[in-house]
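In what follows, a structure is listed as structure tokens, so that the remarks can point back to it.
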Amino acid sequence: MKIVVILPTYNEKENVEKLIPLLIEKIFPKVKNHQMHLLVVDDNSPDGTGAVVEEFMKKWKSIELLKGTKNGLGAAYVRGMHYAMESMKADAVMEFDADFQHDPEDIPHLIHAMDEGADYVIGSRYVKGGGIPKEWGIHRKIISRFGGLFAQVMLMRFDVHDMTSGYKLTKTSFLKNVDLDHLFSKYYAYKLHILHDILKQKAKVSEVPIIFYERKEGSSKITRKDLFDSFWVVIRLRIQDSQKFLKFLVVGGFGFIINAIILKILSDNYNWNHSSANLVGAGVAIFSNYNFNNIWTFNEQKVSRISSYLWKLLQFYATSAFGVIFIQTGTIWIGDHLIGAGVLHIGPLAIKYYLIYFVLGTGLLLIWNFFIYSKLIWKKKKIEK
Ligand code: GDD
Ligand code: MN
């Protein structure tokens, strides 16, 4: 594999003077089975970091320098990643800080995890063997842990312990499917968006313990704004992921209204018996749900060929009926038989138990329907790797 270590720098002169020779002479030679390259992304640092790198480039051919204007850490990484993938033809890229807070000695460990089969390796502070600076005050520790927990909950990934680490190794076969030019942040939170988009592709993740050291030279460029930016990015990712489900609820709610109106008109104006009236109402509602889900909720997987349209419609009726009979009605039946009838008093409210079974059954029905729609009827095609 060709591995490109991307090193973003802004005023890191003292650090790169030591770091680059260390990487080229000591660390990279330890990796025997891959070609190692270094790509420095410097935003015209006023302290002359770029000139130092250019001096080293005369001596070592495996270094490249990408210059640009300062637009945020995420923007710098995006430029670097495009360059590494398109011009350098990298098979994997590493995100690595230039300030010695990331221990260069861990680089071979991350690569080893990829050799063992991982597609996405996270240098993790929050697994056994990992750690954060002892010097960090209690409130900095709490912010880091709470922020990570918030991201874990919102993105529903409890198997990933360090969501905000800046030490990563990513296969470009996964990274190339990420829309780098439309990330929700150009700053530090870029990494949460990329993490989310890589996890979405079912990449095999491995966390390698790292100790995150205190900075010795220069200063951190992270600000309080980045904290809020990170929360906001996570919230936007959550909304984006829930959009399908919200549309599905709107379509279902509309179907429910159609069902109720038909039931009422046929019963009151045409004297139908209620069961037949409801059967017609539900039948029409299901037809409406199918079409709106097809053109709106799952429009990316829309079926339009007449034969598959009819076949999927049949599946839709069958799975909907299964859900109503076995899951929704079944829950009420189980509730009646296992717990029985009764009344729940909450303050002035008196709720009959069967209504609770109904609400529970309907909740399960929604989950069932959503599952079947996304996994069977409007199943996503596999993205090629
Ligand atoms: N080119 C460029 N442009 N580089 C930048 C910029 C920028 O706008 N901002 C920061 N960098 C470079 C720094 O020079 C350094 O090499 C690296 O990015 C990390 O920046 P720091 O400012 O030292 O970040 P930090 O130590 O506060 O944050 C680190 O730890 C966090 C976890 O606590 C980073 O690794 C974060 O990614 C990580 O989330
Ligand atoms: Mn740092």
Can you work out ³J(HN,Hα) from phi for every residue in the stretch 11-16, in order, using Karplus 6.51 cos²θ - 1.76 cosθ + 1.60 and θ = phi - 60°, giving whole Hz and x for Gly and Pro? 6, 10, 3, 4, 6, 5
Filter the trypsin sites (Lys or Arg not before Pro) in the stretch 1-39 to those in DSSP coil with at most 11 other Cβ atoms within 10 Å of their Cβ, and list the result. K32
Expected sort for Y270, Y190, Y290 with the fewest Cβ neighbours (10 Å cutoff) up front is Y270, Y290, Y190
Gaussian network model of the chain, springs between alpha carbon atoms under 10 Å - residue of A341, A98, A189 with greatest fluctuation: A341
The stretch 84-125: GluC sites (Glu not before Pro) in DSSP coil with no more than 16 other Cβ atoms inside 10 Å: E116
If you count, for each residue, the other Cβ atoms within 10 Å and average over each peptide, how do 262-269, 302-309 line up from highest to lowest? 262-269, 302-309
Along the Cα-to-Cβ line of K2, 7 Å from the Cα, sits a label point; which residues in the stretch 34-70 have backbone N less than 12 Å from it? 35-38
Run through every distinct alpha carbon pair of the stretch 170-268 and return the Kirkwood hydrodynamic radius in angstroms, one decimal place. 17.7
Relative contact order of the stretch 171-297, pairs being alpha-carbon contacts under 8 Å that are 6 or more residues apart, as %: 22
With all pairs of different alpha carbon atoms counted, what Kirkwood hydrodynamic radius in Å does the stretch 16-68 show? 11.6
Would you list which lysines come within 26 Å of K375, measuring only between C-alpha atoms, while excluding same-chain residues fewer than 8 positions from it? K176, K200, K202, K204, K244, K247, K302, K312, K385
In degrees, nearest 10, the alpha-carbon axis of helix 306-322 is tilted away from the dominant principal axis of the alpha carbons of the chain by 70
Checking the stretch 1-103 for chymotrypsin sites (Phe, Trp or Tyr not before Pro) in a loop per DSSP with at most 16 other beta-carbon atoms within 10 Å yields W60
At q = 0.12 Å⁻¹, what log₁₀ I(q)/I(0) does the stretch 2-222 have when each alpha carbon counts as one equal point scatterer in the Debye sum? -0.60
For the chain, what does -39500 (n - 2.57) per DSSP helix run (n ≥ 4), summed and divided by total residues, give at 222 nm, in deg cm²/dmol to the nearest 500? -16000 deg cm²/dmol
If you wrap a convex hull around the alpha carbons of the chain, what volume per residue comes out, as a whole number of Å³? 203
Rounded to the nearest 10 degrees, what's the angle between the helix 73-86 long axis and the longest principal axis of the chain, both from Cα atoms, 0 to 90? 80
Would you mind telling me the antiparallel percentage of the DSSP bridges in the chain, rounded to 5? 30
Note the full-extension length gain between V153 and D226 as 0.36 nm times their separation in residues minus their Cα-Cα distance, in nm to one decimal. 24.3 nm
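Every number in this text was worked out from the coordinates using simple rules, so none of it is lab data. Keep in mind that this is a model prediction, so the values were computed, not measured. Don't worry about glycine lacking a Cβ; one is built from the backbone with ideal geometry, like all the others, and counts go over all protein chains shown.
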